[in-house]
Amino acid sequence: MTVEDWRPGPMEIREIMRHIPHRYPFILVDRILEFEPGRRIVGLKNVSANEPFFSGHFPGHPIMPGVLIVEAMAQVGGVLASLLPGAEGKLAYLASIDRYRFRRPVMPGDQLITEVVVIRVRGRVGKMRATGRVDGEVVADGVLTYSMVDLEGISQGLVDGQIVDLEEVQP
């Protein structure tokens, strides 16, 4: 799906998985709530007590690891990058994480709402500002840089969100 095919309204998990290759247990975005083509996206992560990382981080005091908060925010940005003009056949790789701040813990039962706004896109590289909120309060924010990788150049493609070898895909 390209930006031209986008219809207003929420994007459910099946549609999200057509845009990014992440799968359980590592897909960290459950729904896209808002989308402004080429500019902005808002995604939701329901943080459940059943998340596998909570058993060890930390027993008796579960807190979502900061790196997974960043990853959840980057996945929302990856959906936005996949809908930018020229993104067909490409996959956004996270290139850098800058100026991130964590303001309060994210815990089981929270809904992490991530807003990602395009700062700039130059060629295959782009920057986005990401802000995560729980109950309207900022929990994390920073700048993500991504690089679009042409999967066809390495004989791979993105088919319904799954990376496949193009030689194995039947016409």
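The values are calculated or read from the model by the stated rules, or taken from the named source; none is laboratory data. As the structure is a prediction and not an experimental result, all values here were calculated from the model. Here the Cβ is made from the backbone with ideal geometry for all residues, glycine too, and neighbour counts use every protein chain on show.
Annotations
- Taking the listed residues Lys90, Lys45, the one that is under 27 Å from Gly153 (Cβ atoms), among the basic types (Lys, Arg) and in contact with a strand residue (DSSP E or B) (Cβ under 7 Å, 6 or more places away or on another chain) is Lys90, with no other qualifying.
- Contacts under 9 angstrom Cβ, first residue in segment 139-164 being assigned to a strand (DSSP E or B), partner at pLDDT below 75 and surrounded by 15 or more Cβ atoms within 10 Å (Cβ to Cβ), 6 or more apart: Ile163/Gln156; Ile163/Gly157; Val164/Gln156; Val164/Gly157; Val164/Leu158
- Val125 being closer than 18 Å to Ser82 by Cα and within 18 Å of the chain's Cα centre (by Cα): yes
- Within segment 76-102, residues that are on the phi < 0 side of the Ramachandran plot have Cβ atoms under 6 Å from residues that are of a type outside the set (Val, Ile, Thr) and part of a helix (DSSP H, G or I) in these pairs: Leu91/Leu151; Ala92/Gly78; Ala92/Ala81; Leu94/Ala74; Phe102/Gly66, counting only partners at least 6 apart in sequence or on another chain.
- Residue within segment 89-101 that is touching a helix residue (DSSP H, G or I) at 6+ places or on another chain (Cβ under 9 Å) and not in a strand (DSSP E or B) present: yes
- Meets criteria (under 29 Å from Val164 (Cα atoms), part of a loop (DSSP other than H, G, I, E, B), over 17 Å from the mean Cα position of the chain (by Cα) and at pLDDT below 95) for Gly38: no
- Verdict on Ala87 being in contact with a Gly (Cβ under 7 Å, 6 or more places away or on another chain), of a type outside the set (Asp, Glu) and under 15 Å from His19 (Cβ atoms): no
- Yes/no for Lys127 being touching a Lys or Arg at 6+ places or on another chain (Cβ under 8 Å), crowded, with 16+ Cβ neighbours inside 10 Å, among the charged types (D, E, K, R) and under 21 Å from Met17 (Cβ atoms): no
- Of everything in segment 84-122 that is within 16 Å of Gly43 (Cα to Cα) and surrounded by fewer than 22 Cβ atoms within 10 Å (Cβ to Cβ), the residue that is farthest from the chain's Cα centre (by Cα) is Asp110.
- From the list His22, His57, His61, the lone residue that is surrounded by fewer than 20 Cβ atoms within 10 Å (Cβ to Cβ) and under 14 Å from the mean Cα position of the chain (by Cα) is His22.
- In the set Gly43, Gly60, only one residue is out of contact with any Phe, Trp or Tyr (no Cβ under 9 Å at 6 or more places or on another chain) and at positive phi; that residue is Gly60.
- Test: Ile20 is of a type in the set (Val, Ile, Thr) and either in a helix (DSSP H, G or I) or modelled with pLDDT of 95 or more (or both): no
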